[in-house]
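The values are calculated or read from the model by the stated rules, or taken from the named source; none is laboratory data. Predicted, not measured: the structure shown is a model, and the values here were computed from it. Every residue, glycine as well, gets a Cβ built from its backbone with ideal geometry; the counts of neighbours run over all protein chains shown. For accessibility, only protein heavy atoms count, side chains too; no ligands or nucleic acids. Shrake-Rupley method; radii C 1.70, N 1.55, O 1.52, S 1.80 Å.
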Amino acid sequence: MDDEVLAVIERLTAAAAEHDAGQADRLDRWRVLEPDAGRFLWFLTQSVGARSIVEIGTSRGVSTLWLADAARATGGTVTTYDTDPAAQDAARATTSEAGLADLVDFRLADGGAALSTLADASVDLLFLDAERTEYPSWWPHPLRVLRPGGVLVADNALSHPDEIAPVEALLRADPALTVTTIAVGKGELVALKV
């Protein structure tokens, strides 16, 4: 992990904690990825040699920074989708500050609609960190776009198990997937497409 990128992540994570503490409504919070979950994504991205990385749910860009730093090592790029223009603008600024702007394509779009436009087997790593209850309505696109050997990761598997349960059931029902939950951050549901 690049020290400059890590410093930006640490500053942004601290700012998010301060901001979120004063927000009663969950939708007003920045909801950034926890450092241990970020390290896991960073490691996983490099482990599978991910070059085509798609993130659904940019928020303030902490996960984008972890993914982009790993993409620099794999020769890849990150395409990140969100419906909040202000959050994407903030993420774009921090990505630039971290020296990773050339590795990230920011797109203002709904995650499900975006996935429906991607080619079959075109994604190496798909990170879902948006409105969890919408994931099942995106089917079959999250799996269709993954290449063999590709990985899908859904955040909040342990913090919001009831909201993740429908997508977990879809993943576990597919014999072409190996599925597990990793206890980092708020829990990462991970599916490997064989």
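Rg over Rh for the chain works out to 0.93, using Cα positions for both radii and the Kirkwood form for Rh. Based on C-alpha pairs under 8 angstrom that are at least 6 apart in sequence, the stretch 44-110 has a relative contact order of 37 percent. Mean residue ellipticity at 222 nm, helices only, the chain: -13000 deg cm²/dmol; runs of at least 4 DSSP H residues each add -39,500 (n - 2.57), and the sum is divided by the number of residues.
Its relative contact order, with pairs defined as Cα atoms under 8 Å and 6+ residues apart, puts the stretch 106-194 at 29 percent. Computed from the C-beta positions of S122 and A173, the FRET efficiency with R₀ = 35 Å rounds to 0.90. Once you place label points 7 Å from the Cα toward the Cβ at D36 and A165, how far apart are they in nm? The modelled label-to-label distance comes out at 2.5 nm.
Are there any trypsin sites (Lys or Arg not before Pro) in the stretch 33-139 that are in a DSSP loop and have at most 15 other Cβ atoms within 10 Å? List them by number. Write out the running numbers ahead of the final one.
On the way: sites: R39, R51, R60, R72, R92, R107, R132; in loops: R51, R60.
Hits after loop and neighbour filter: R51.
Each residue, R107 and R51, gets one label point 7 Å from its Cα in the Cβ direction; the gap between the two is 1.9 nm. Of interest is the spacing of the C-alpha centroids, which for the stretch 125-161 and the stretch 60-107 amounts to 19 Å.
Relative contact order, percent, of the chain when contacts are C-alpha pairs under 8 Å separated by at least 6 residues?
That works out to 18 percent.
The residues of the chain expose on average 43 square angstrom of accessible surface per residue, using a 1.4 Å probe on protein heavy atoms.
Net charge in the neighbourhood of L128 (other residues with Cβ under 9 Å of its Cβ; Lys, Arg +1, Asp, Glu -1) is -2.
If you take every residue apart from V145 with its C-beta less than 11 Å away from the C-beta of V145, what net charge results, scoring Lys and Arg +1 and Asp and Glu -1? Before the final figure, lay out the partial values.
Numbers: positive: R144, R147, K193; negative: D120, D124.
Residues near V145 contribute +1 overall.
Taken as entire DSSP H runs, the helices of the chain that both span 20 Å or more between Cα atoms along their own long axis and average 0.0 or more on the Kyte-Doolittle scale are 3-21. DSSP finds beta bridges in the chain, and of those with both partners inside it, around 35 percent are antiparallel.
Fully extended, how many nm does the chain gain between A24 and D84 (0.36 nm per residue separation, minus their Cα-Cα distance)? Don't jump to the answer; show the numbers that get you there.
Numbers: separation 60, 0.36 × 60 = 21.60 nm, distance 1.88 nm.
My answer for the length gained is 19.7 nm.
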